[in-house]
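**Q** Sharing a structure below in structure tokens format, with a few things to ask.
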Amino acid sequence: MSSERRFPGTISLKSRVALAMAAVLVAGGVIVLVAALAYGRQAAREAYDRLLVGAASDIAESITVRDGEALVDMPISAFELLALAPDDRISYRVVGPDGQTLTGYDDAPLPTEKGDVVFYDGVFGAEPARYVGVVRRFAERNFSGTVEIIVGQTLRARRELARDIAQNALIALGAAGAIMALFAWLVMRSALIPLPRIGSALRQRDPTDLTPIDLSAPSEVAALVQSLNGFMARLDRQMTSNRNLIGDAAHQLRTPVAAIRAQAQLAAEEPDGEQRAQMVARIHDRAVSLSHLLDQMLNHAMIIHRADTAPRDLVDLRDIAVEAFEAFEESAQGRSNEVALDIPDGPVMVRGDIMSLTEAAKNLLGNALHHGQPPVRIGVRNGARAILWVHDEGAGPPSEIMADPGARFAGDRSKGSGGLGLAIAHAVAASHAGWMSFSATADGFEAALDLPRDG
């Protein structure tokens, strides 16, 4: 059974384009057919109207006046013209100035309009017919007035000619539509070739291969490839974070857990109460250090995860500094008020994730409290960029840490630090299109998050 998932109710792009092309061709064909029928009828009418006029004009030219009377000598040429429509019946009538029929059929209808040449519709027996009325004027001594010549013809030949014109137009349209559909199908097939190539490349990949897809494609498909590459890059970062978390946990937790177990066993076997109390204190210190390490590891994993998933909102950096200050204010009491807050009066807005920025500020402040020299200050500066800074009166971390603040587990772990504080702050700055900056001042050291302003 195929492992590919089928989505019910969906059709392929080729089918959709083919249906759209068919709809366009059918609509266009209907329009052209209607136009061809109208054109065919008009062309047939004009062609056979000329025959009627020609026949009527020949009859008019054959009229002569003799002894004060109009005589009609029906010309053969008139009937030869009308014989071009052999299946049609012919009606004619010549009417004198007094309204009397000189020759022809008395039931041939007369035109209701006046003019030298008038076309009108009528009937011939039970069939519809087309008539023309042509007027010839006489002004002689013994005969004056107008003689009206009526010639009519049924419509069989006209309809056949109109049908032939429409049929030929439809055949030409069908052939042109088939050729257009073939070329459109070939063009569409060529344009969609990158899609199955991308699908094949993805199917043939190892599940752990999240490197970018490097395939040439048109701009419309290239946008899809870029989106896939971006998604795989985010997924790779998440997987790398998870692997690092597992590896770091296995590496960093093994030794302190083993030490706690060994010390707990020794404490359980120690008969001296004072020595046992000292061992329990050391166990407690190691447990606190281990708890802090676990917190930082989980925070680091959370920061990396939120870098690609958390929505970005407008944040006032002053609120971030206040929250970090309040988190450490209580612990700083009793130690000569080690933490001070320095923020401007106006807002300092950035676009970011509140939780990630708060964790970064707390870690910078925690590093200064644990590794720097009091007093410690946290604050915000507003300028071309938004700066959240932490200042202490120490000398700052070693140069190798400042050169690579994103390195994990750098620093002095003997003081209970997991070394992740700067790595967390560095990851947050990078995910917010910023960076970390370090500067030695006359009265100490400053570490800062340098972020782009928003507003």
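**Q** Hey, quick one: spin label on ALA259, modelled 7 Å out along Cα-Cβ, who in segment 359-384 has an amide N within reach, i.e. under 18 Å?
**A** 371
**Q** Within segment 16-114, list the trypsin sites (Lys or Arg not before Pro) lying in a DSSP loop whose Cβ has at most 12 other Cβ atoms in a 10 Å radius.
**A** Details: sites: ARG16, ARG41, ARG45, ARG50, ARG66, ARG89, ARG93, LYS114; in loops: ARG89, LYS114.
Filter output for segment 16-114: LYS114.
**Q** Would you mind telling me the share, in percent, of accessible area of the chain contributed by carbon and sulfur at probe 1.4 angstrom? Don't skip to the answer; put the middle values down first.
**A** Numbers: 14810 of 26280 Å².
So the carbon and sulfur contribution to the accessible surface is 56 percent.
**Q** Quote to one decimal, in nm, the extra length available between VAL26 and TRP435 on full extension: 0.36 nm per residue of separation minus the C-alpha distance between them.
**A** Using 0.36 nm per residue and subtracting the Cα-Cα distance, I get 141.1 nm.
**Q** Taking only protein heavy atoms into account and a 1.4 Å probe, give the accessible area per residue of segment 65-155 in Å².
**A** For segment 65-155, the per-residue accessible area is 57 Å².
**Q** Give me the percent relative contact order of the chain, please, defined on Cα pairs under 8 angstrom at least 6 residues apart.
**A** Across the chain, relative contact order equals 10 percent.
**Q** Quick test of the membrane-span-like rule: which DSSP H helices of the chain reach at least 27 Å along their long axis (C-alpha atoms) with mean Kyte hydropathy at least -0.5?
**A** 13-61, 156-191, 219-269, 273-309
**Q** Taking the Cβ of LEU110 as the centre, find all other residues whose Cβ is under 14 Å away and add up their charges (Lys, Arg: +1; Asp, Glu: -1).
**A** Residues near LEU110 contribute -4 overall.
**Q** Shifting gears a bit: Residues of segment 204-292: accessible area per residue at 1.4 Å, in Å²?
**A** Per residue, segment 204-292 has 68 Å² of solvent-accessible surface.
The values are calculated or read from the model by the stated rules, or taken from the named source; none is laboratory data. The structure displayed is predicted, hence computed values, not measured ones. Heads up, the Cβs are rebuilt from the backbone with ideal geometry, glycines too, and the neighbour counts pull from every protein chain shown. Side chains included, ligands, DNA and RNA excluded: accessible areas come from the protein's heavy atoms. Shrake-Rupley method; radii C 1.70, N 1.55, O 1.52, S 1.80 Å.
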